[in-house]
1. Residue under question is Leu69, and the condition is that it be surrounded by 14 or more Cβ atoms within 10 Å (Cβ to Cβ), out of contact with any strand residue (DSSP E or B) (no Cβ under 9 Å at 6 or more places or on another chain) and touching a residue at least 60 places away in the same chain (Cβ under 8 Å); does it hold?
2. Filter the stretch 54-64 down to the residues that are surrounded by 10 or more Cβ atoms within 10 Å (Cβ to Cβ) and either out of contact with any strand residue (DSSP E or B) (no Cβ under 9 Å at 6 or more places or on another chain) or among the polar types (S, T, N, Q) (or both), then identify the one that is nearest to Lys23 (Cα to Cα).
3. Among the numbered criteria (1) polar (S, T, N, Q); (2) surrounded by 16 or more Cβ atoms within 10 Å (Cβ to Cβ); (3) assigned to a loop (DSSP other than H, G, I, E, B), which one does Ser153 miss?
4. Does the stretch 151-172 contain at least one residue that is touching a strand residue (DSSP E or B) at 6+ places or on another chain (Cβ under 7 Å), among the hydroxyl-bearing types (Ser, Thr, Tyr), touching a residue at least 24 places away in the same chain (Cβ under 8 Å) and more than 7 Å from the ligand (Cβ to nearest atom)?
5. Go over the candidates Ile179, Ile175 one by one and state the one that is closer than 21 Å to Gly62 by Cα, in contact with a Lys or Arg (Cβ under 7 Å, 6 or more places away or on another chain) and not in a loop (DSSP other than H, G, I, E, B).
6. Can you name the residue in the stretch 79-102 that is within 16 Å of Ile225 (Cα to Cα) and among the hydroxyl-bearing types (Ser, Thr, Tyr) and is also nearest to the ligand (Cβ to nearest atom) among such residues?
7. Within the stretch 89-102, can you find the residues that are outside any loop (DSSP other than H, G, I, E, B), among the hydrophobic types (A, V, I, L, M, F, W, C) and under 22 Å from Gly68 (Cα atoms)?
8. Looking at the stretch 103-122 only, could you name the residues that are of a type outside the set (Gly, Ala, Ser) and either within 16 Å of the ligand (Cβ to nearest atom) or in a helix (DSSP H, G or I) (or both)?
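Computed from the coordinates by the stated procedures, all read-outs in this text should not be read as laboratory data. Not measured: the values here are computed from a predicted model. Cβ placement follows ideal geometry from the backbone for every residue including glycine, while neighbour counts extend to all protein chains displayed.
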Amino acid sequence: MISIDNAELFKRHPHIQSQIHAKKLDKLIGYRIAKIEVKLLQKYKAYYKEAGETNRKTYFEGTQTWFGLHPQVLQTPYNDIYEALSSLKDQQISRVVDIGSAYGRVGLITKNIFPKASFIGFEIVKKRADEANRVFGKYNLINCEVVNKNILSDDFILPEADVYFIYDFSDREDIKKAIMLICKRMKSKKFFLFARGDSVESILKKKINFILSKTRYLPDSLIRIYEFRSDSFNC
Ligand SMILES: C[S@@+](CC[C@H](N)C(=O)[O-])C[C@H]1O[C@@H](n2cnc3c(N)ncnc32)[C@H](O)[C@@H]1O
């Protein structure tokens, strides 16, 4: 079994493409992602199929779960997450939250860089959440979990955190709602927002007063980092 606290594990290598690196690392870690995604696709209609197409399968109800998307596109490569979280090494990070966390990659890297911090991912697909927690258990990662929860449900409460991660997890309307949750509930605390994806970026630009937020650029990463003070919001 590999050691999750090995600093070399998640680093970018100049000659290995990040998705290929991620695929190899998934295997080394012991994830069963491909098998699970195939099973999900046997049960549900793929996201790219037209609603009217004759197929007895139905879409997963209530949100976009990306069944049929390649697993290495569904999740952010380890290299990118590692670089984004490493850039906060000098900060006091005690909790990281991933909104739509799939198999919990962000959790593994949180524990690698900030062993004392806790990680909470929220994931609507139970089989993905279960697999994340199986892997966290395998490596004895304490305070690291993926909760099987719809973040758009009325009873969802976004926990306080020092870092929120959001990658285009669903359609535009759902992402807007998630960003409003961050806006409304976290007005009093400084935090970092890791954003990935065109929808997330364009919604953020409309919703948030960018003059008051600080942006950190990482040259090779898919993730953009925003730093918010309590007065950054203009929701
Ligand atoms: C694009 S993946 C991103 C995974 C992870 N954040 C990463 O970057 O590696 C988005 C995940 O969000 C989940 N999701 C979609 N809608 C959701 C909702 N309403 N509540 C919780 N999870 C949701 C999907 O099932 C999918 O696994």
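1. Values: surrounded by 14 or more Cβ atoms within 10 Å (Cβ to Cβ): yes; out of contact with any strand residue (DSSP E or B) (no Cβ under 9 Å at 6 or more places or on another chain): yes; touching a residue at least 60 places away in the same chain (Cβ under 8 Å): no.
The answer is no for Leu69.
2. Gln64
3. Checking Ser153 against (1) polar (S, T, N, Q); (2) surrounded by 16 or more Cβ atoms within 10 Å (Cβ to Cβ); (3) assigned to a loop (DSSP other than H, G, I, E, B), the one that fails is (2).
4. yes
5. Going through Ile179, Ile175 in turn, just one is closer than 21 Å to Gly62 by Cα, in contact with a Lys or Arg (Cβ under 7 Å, 6 or more places away or on another chain) and not in a loop (DSSP other than H, G, I, E, B): Ile179.
6. Tyr82
7. Ile99
8. Residues of the stretch 103-122 that are of a type outside the set (Gly, Ala, Ser), as a first pass: 103, 105-106, 108-116, 119-120, 122.
Correct list: Tyr103, Arg105, Val106, Leu108, Ile109, Thr110, Lys111, Asn112, Ile113, Phe119, Ile120, Phe122.
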